[in-house]
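Some notes on the structure that comes next.
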Amino acid sequence: MSYDSLKGIRVVDFGIITAGAGTSAMLADLGAEVIKVEGPQYIDPFRVWTGVANAEKWWDTSAQYAFTNRNKRNLCVDLKQRIGLELVHELVASSDIVVENFRAGVMDRLGLGFDALAAVNPSLIMASISSQGATGPYAQSVSFGSTLEASGGLSALIRSESGQPLISGHALNYPDQIVSLTAVSAILCALFDRAPDKPVWLDISQREVTSYMLGEYVAASRSRAFDKERDDAAAAGPGAPAILNAVLRCADDVWIAVTIADEKTWERIASRLQLQPHLPPGAARLTAVLEDKLHTQTADTVLRLLAACGGSAEIVRTAATLVGAEEEFAESAAFTVDPEGGAVKGLPWRCGAAAMAVHRAAPPLGADNQYVIRELLGRSEAQYQALLEQGVVTSTPRK
Amino acid sequence: MHDKIHHTSKLAAATAPRPLRRLKIAEQYGAGSTDLSRVAVAFAGKQAAAYGAEVVRIEPAQGDPIRAWPPFCDGRSLLFDFLNQGKIEQTESWQASDDTILLTDDPMAAAAWPTHRVVRLHAGDGAGNPGVATEFTTQARAGLLDIFAGADRRPQPLPGHQLAYSAGMAAFAALVAGCLGERGGSAYQPIDVSVLDIALWVNWKHYLAAITGDKAAGLARAEEWTTLRCRDGYVALTFQDKDMASLAILTGNPFFDSPELSTRPQRKKKANEINSAIEAWTQGHTRAEIVREAQRLRVPVGAVLNMSELAEDAQIQARQFFSSDAKARFPKTPLMWNGIRPGADAGAPQ
């Protein structure tokens, strides 16, 4: 297989920011023709939040938009005009998949809900990614990734030394990142089992995805005793059970993350550092003992010391030190460059040892209006020009 | 909305959808397996089983160490049970049919597989510091520990097995993509998924900040979105330019509607002042009161809930997201497929 699994599949993409746009970007990476649909009154918020203010075409300058909309085409159509909505219905009729991540109910009000679209395309696969799902008492809630970290149970397991639960904020908005993997998986499954005249509606709750990723903790919550055990397990750090997962501050003010898997590793470290061989009680005490011994050493020295004893250790990379790691990550499938030389997200796997190559940079607003209206929907040049004059299609947002 | 629910219920099959019912998948571990990547393999297999594939889990001769990993219930590992719901257990003598796809993190098992229908999980790219990559050190290496750091606190990890699960989810997507490609006439080629790559991919905004020179994006960054103490716990509140007037109404404090807080760069400079001012209001209210009022004004908000509180949550209950098993409330597949969740509410193999 190369990256053409979805060749011949067309996606109408109402996805925005990361959760929705990132989902359809992966479908584009896999060879689907993805047509991102924006409107002059509502463009992808990434264009607004992270564009270069005061640039001539500020809406086409966002690096975040470029990262999450690679390999796509772009249609900018006014859905408030009846003819605009009809054009999109026509486009959906000749497509296979619709992706959207508006608040539950918004697509219905726009005339683009599942019922309306399945009526024009009875074989449609539609993925709706929303805060809490399309049903239930909180279906209409407004949220961000970070508020879902709180309501999905993640924040309660990430606490500062003072006990304050933490959220990832602008820097990560973690649920936005993982929901796209969930959504793509479900869409691919629906394609695998696709049958004529059997539409599929995938109602994906971002909050549920967040809790699902903590499944073993959720399962352990049937009593207070289990809560205690769960908290202890979480406090021991992520991943497999270990004697210690901790960060140590080194003399050069760099943090080192260290995992000491078992007692034998600890004994080797204790011997090397001339510490008492018995294991100090509790992670906090053990961390203090290590930090007391190592805080006068540089991070490189500490890394070498721990590694020589069989400990796992890495520098805690920051936004500043990720820059220096570019060369190390050049071969990573996580990132790549588009044909215009801009850095973008990659597809996070390799196929036949090759990473996905981006063949099309993220499109400017309305870049493919003509292609969609003329080639896909079969309108004449005169009709296309009329649509432009009426402002039904455009390449400029209206503020 | 009601029409949609009605329509969808008409579409829904009587039983859970099993779109991958024709796929056969084997999960295999070996001497080359690591703690980090074996969780990723198991999570990928869990997804396949949830969507109806026949997933055969080959128990290593020396046993699966995850059986001894917390949390536990009645002596059983809930992690093991969560990861292995819906799978079939076999021993190493089991013979796979020719059309079976192998999911593994053991290089020897991958090399020995007779076809190219292989999905390989890797802990990292092998170029890092010595020592086996762990969930914790991989988060550090990819800059994820930087996310929850602060001027006054140590770097913190994401809890549980977030990277292994994310890698497992990516591996599952890649596996199905390979099957679709094969159906379209392309030969199946081995697929490789690295947990480190996933960690970087998830943390892409940090990487972008790095390459654009925004070094203030990380450790000890000014962050105006945070959790705020209230009468019975904490809430997380987020806001943008358009929400500032609502925030002023919510808190009864005109400070939030002032021109000096109208843009994010301005708010970042006053992050501590903003958070103190909001907290002055939240401390007098309960989480439920804050969520109700903020949602009324359409300000994004979430109460910080622990696992027990999640199980009591009206939304979780209305969508029947958790299993009804009295001993272990496993979350079900986090989506509805024409109104029904994929995946039987099945137990793990004994």
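The values are calculated or read from the model by the stated rules, or taken from the named source; none is laboratory data. All of these numbers come straight from a predicted model, not from anything done at the bench. Cβ placement follows ideal geometry from the backbone for every residue including glycine, while neighbour counts extend to all protein chains displayed.
Of all residues in the stretch A:78-92, which are part of a loop (DSSP other than H, G, I, E, B) and either among the aromatic types (Phe, Trp, Tyr) or surrounded by 15 or more Cβ atoms within 10 Å (Cβ to Cβ) (or both)? Within the stretch A:78-92, A:Asp78, A:Leu79, A:Gln81 qualify. Within 26 Å of A:Gly163 (Cα to Cα) and in contact with a Pro (Cβ under 7 Å, 6 or more places away or on another chain) - does that describe any residue in the stretch B:228-237? Yes, because at least one residue in the stretch B:228-237 is within 26 Å of A:Gly163 (Cα to Cα) and in contact with a Pro (Cβ under 7 Å, 6 or more places away or on another chain).
Of the residues B:Arg57, B:Arg38, which single one is under 21 Å from the mean Cα position of the chain (by Cα) and closer than 18 Å to B:Arg120 by Cβ?
Numbers: B:Arg57 fails: under 21 Å from the mean Cα position of the chain (by Cα).
The match here is B:Arg38.
Among the candidates A:Val106, A:Val120, single out the residue that is under 21 Å from B:Arg319 (Cβ atoms), of a type in the set (A, V, I, L, M, F, W, C) and out of contact with any strand residue (DSSP E or B) (no Cβ under 7 Å at 6 or more places or on another chain). It would help to see each step written out before you state the result.
Details: A:Val120 fails: under 21 Å from B:Arg319 (Cβ atoms).
On inspection, the qualifying residue turns out to be A:Val106.
Residue count for the stretch A:236-290, restricted to those that are among the charged types (D, E, K, R) and in contact with a Pro (Cβ under 8 Å, 6 or more places away or on another chain): 1. Scoring B:Leu163 on the criteria (1) within 22 Å of B:Pro70 (Cβ to Cβ); (2) facing another protein chain (nearest Cβ under 7 Å); (3) aliphatic (A, V, I, L, M) leaves a single failure, condition (2). The lone criterion from (1) at pLDDT below 95; (2) in a helix (DSSP H, G or I); (3) hydrophobic (A, V, I, L, M, F, W, C); (4) surrounded by fewer than 21 Cβ atoms within 10 Å (Cβ to Cβ) left unmet by B:Ala344 is number (2).
Residue count for the stretch B:137-181, restricted to those that are without any contact (Cβ under 8 Å) to a residue 24 or more places away in the chain and more than 21 Å from the chain's Cα centre (by Cα): 5.
Restricting attention to the stretch A:41-51, does a residue exist that is assigned to a strand (DSSP E or B), surrounded by fewer than 21 Cβ atoms within 10 Å (Cβ to Cβ) and not charged (D, E, K, R)?
Taking the stretch A:41-51 first, the residues assigned to a strand (DSSP E or B) are A:42.
If we keep only those that are surrounded by fewer than 21 Cβ atoms within 10 Å (Cβ to Cβ) as well, we get A:42.
In the following step, the residues that additionally are not charged (D, E, K, R) were identified as A:42.
Checking the stretch A:41-51: at least one residue is assigned to a strand (DSSP E or B), surrounded by fewer than 21 Cβ atoms within 10 Å (Cβ to Cβ) and not charged (D, E, K, R).
Looking at the stretch A:93-119, which of the residues that are surrounded by 22 or more Cβ atoms within 10 Å (Cβ to Cβ) and over 28 Å from B:Pro300 (Cα atoms) is farthest from the other protein chains (Cβ to nearest Cβ)?
Applying the first criterion (surrounded by 22 or more Cβ atoms within 10 Å (Cβ to Cβ)) to the stretch A:93-119 yields A:95-101, A:104, A:107, A:112-114, A:117-118.
Add one more test, that the residue is over 28 Å from B:Pro300 (Cα atoms), and what stays is A:95-97, A:117-118.
Values: A:Ser95: 17, A:Asp96: 12, A:Ile97: 12, A:Leu117: 11, A:Ala118: 8 Å.
Per the stated criteria, the residue is A:Ser95.
Look at B:Ile316 and say whether it is more than 30 Å from B:Glu59 (Cα to Cα) and either more than 25 Å from the chain's Cα centre (by Cα) or among the hydroxyl-bearing types (Ser, Thr, Tyr) (or both). Answer is no for this residue. Residues of the stretch B:26-82 that are without any contact (Cβ under 8 Å) to a residue 24 or more places away in the chain, surrounded by fewer than 21 Cβ atoms within 10 Å (Cβ to Cβ) and not charged (D, E, K, R): B:Gln62, B:Gly63, B:Ala68, B:Pro70, B:Phe72, B:Gly75.
Out of A:Thr298, A:Thr265, A:Thr336, report the one residue that is more than 7 Å from chain B (Cβ to nearest Cβ), among the polar types (S, T, N, Q), within 30 Å of B:Glu182 (Cβ to Cβ) and surrounded by fewer than 22 Cβ atoms within 10 Å (Cβ to Cβ). After applying the criteria, what remains is A:Thr336. Among the residues of the stretch B:311-327, write down those that are in contact with a Lys or Arg (Cβ under 9 Å, 6 or more places away or on another chain) and either basic (Lys, Arg) or assigned to a helix (DSSP H, G or I) (or both). Within the stretch B:311-327, B:Ala311, B:Gln315, B:Ile316, B:Arg319, B:Lys327 meet the criteria.
Sort out which residues of the stretch B:238-276 are in contact with a Leu (Cβ under 8 Å, 6 or more places away or on another chain) and under 19 Å from A:Pro165 (Cα atoms), and write them in order of number. Selection gives B:Phe239, B:Ile274, B:Asn275. Condition (residue is surrounded by fewer than 22 Cβ atoms within 10 Å (Cβ to Cβ), closer than 18 Å to B:Trp204 by Cβ and more than 14 Å from every other protein chain (Cβ to nearest Cβ)) applied to the stretch A:311-330: is it met by at least one residue? Checked against the condition, which is being surrounded by fewer than 22 Cβ atoms within 10 Å (Cβ to Cβ), closer than 18 Å to B:Trp204 by Cβ and more than 14 Å from every other protein chain (Cβ to nearest Cβ), the stretch A:311-330 yields no hits at all.
Identify, from the list A:Leu181, A:Leu157, A:Leu166, the residue that is within 7 Å of chain B (Cβ to nearest Cβ) and either β-branched (Val, Ile, Thr) or under 23 Å from A:Lys345 (Cβ atoms) (or both).
Details: A:Leu157 fails: either β-branched (Val, Ile, Thr) or under 23 Å from A:Lys345 (Cβ atoms) (or both); A:Leu166 fails: either β-branched (Val, Ile, Thr) or under 23 Å from A:Lys345 (Cβ atoms) (or both).
Among A:Leu181, A:Leu157, A:Leu166, only A:Leu181 is within 7 Å of chain B (Cβ to nearest Cβ) and either β-branched (Val, Ile, Thr) or under 23 Å from A:Lys345 (Cβ atoms) (or both).
So which of B:Glu312, B:Glu260 is modelled with pLDDT under 95, under 30 Å from A:Ser185 (Cα atoms) and more than 9 Å from chain A (Cβ to nearest Cβ)?
The match here is B:Glu312.
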